[in-house]
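**Q** The structure is given below, and queries will be raised subsequently.
What follows draws every value from the coordinates through simple rules; no lab data is involved. From a predicted model like this one, the values you see are computed outputs, not experimental measurements. Methodologically, a virtual Cβ is constructed for each residue, glycine included, from the backbone with ideal geometry; neighbour enumeration extends over all protein chains shown.
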Amino acid sequence: MESKTDLNDKRYLYVCEGVTDEDKLKKLGCLFVVKTGGKFIRKDILLFLQEVHQVREIVLVLDPDGPGRNITEQVTKAIGPCLIIQANKAKAIKNNKIGIAEMKIEDLKDLLWPYIKHDIYVDENPSFDEEDYYELNLSGPGSKAERMKLITKYHIPYTSNKIVEDALLMLSKSITDIKEDLSNE
């Protein structure tokens, strides 16, 4: 596992519950976002978060309600301490719904500003580019079999081309790492 200094030299990974939450976080500049899919978290997502937690800190941005607390508990039990955002419940209510998706974007930005600011100023370069990804046969016709090797190895919870590419970036995998992983399978 990398040292705390190394982790501080990387962008954060943000965990949220749904698509609207993910969209808001990305609008605020959060590059690496994983959504749990709603009121629970699947085991494959927990396994992937365990992998990511080895190379970057995780920020939990979950709804201030029972399911959000339950997901927080499951994640911290599975991977250990995380940075936990405590949204003001009063600011997360709209139309009788409670959640990050209901918050005004300005309130969410204020809540996340220390993390967003870190991500803006940290000097982390992508470990590979789309051309490398294509050359490794991870994109394009007949690429799913190669992607499946990495999906299995790193517990990537989704199989689409773009999500796998993003997951490898979240994991800080270099082109050399990926070549080695593909040749060892």
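**Q** Rounded to the nearest 20 Debye, what is the dipole magnitude of the range 4-121 about its Cα centre when Lys and Arg each give +1 and Asp and Glu each give -1 at the C-beta?
**A** Dipole magnitude for the range 4-121 comes out near 140 debye.
**Q** List the residues whose amide H sits under 5 Å from the amide H of VAL33, counting only those 5 or more places along or on another chain, with H placed 1.01 Å from N in the peptide plane.
**A** For VAL33, the qualifying residues are TYR14.
**Q** Give the residue from MET148, TYR115, ILE93 lying farthest towards the positive end of the charge dipole for the chain; charges sit on Cβ (+1 for Lys and Arg, -1 for Asp and Glu) and the dipole is referred to the Cα centre.
**A** ILE93
**Q** As I understand it, the value is the acute angle between the Cα axis of helix 43-53 and the longest principal axis of the Cα atoms of the chain; what does it come to in degrees, rounded to 10?
**A** 80
**Q** Continuing with this model, one more query. Within the range 3-86, how many Lys pairs that are eight or more residues apart, or on different chains, come under 27 Å at the alpha-carbon?
**A** Lysine pairs meeting the criterion: 24.
**Q** Express in nm, to one decimal, how much length is gained between ARG69 and GLU130 on full extension, taking 0.36 nm for each residue of separation and deducting their alpha carbon distance.
**A** 18.3 nm
**Q** Under 15 Å Cα-Cα from LYS97, which aspartates and glutamates qualify once same-chain neighbours fewer than 8 residues away are excluded?
**A** Reachable aspartates and glutamates: GLU17, ASP21, ASP63, ASP65.
**Q** Roughly speaking, what is the centre-to-centre gap between the range 148-175 and the range 55-95 when only Cα atoms are used, to the nearest Å?
**A** 24
**Q** Quick check: residue separation of LEU182 and ILE84 times 0.36 nm, minus the Cα distance between them. What number comes out in nm?
**A** Values: separation 98, 0.36 × 98 = 35.28 nm, distance 3.48 nm.
Contour length minus Cα-Cα distance gives 31.8 nm.
**Q** Enter the mean projected area of the convex hull around the alpha-carbon atoms of the range 4-121, in nm², rounded to one decimal.
**A** Dividing the Cα hull surface by four gives the mean projection, 6.7 nm².
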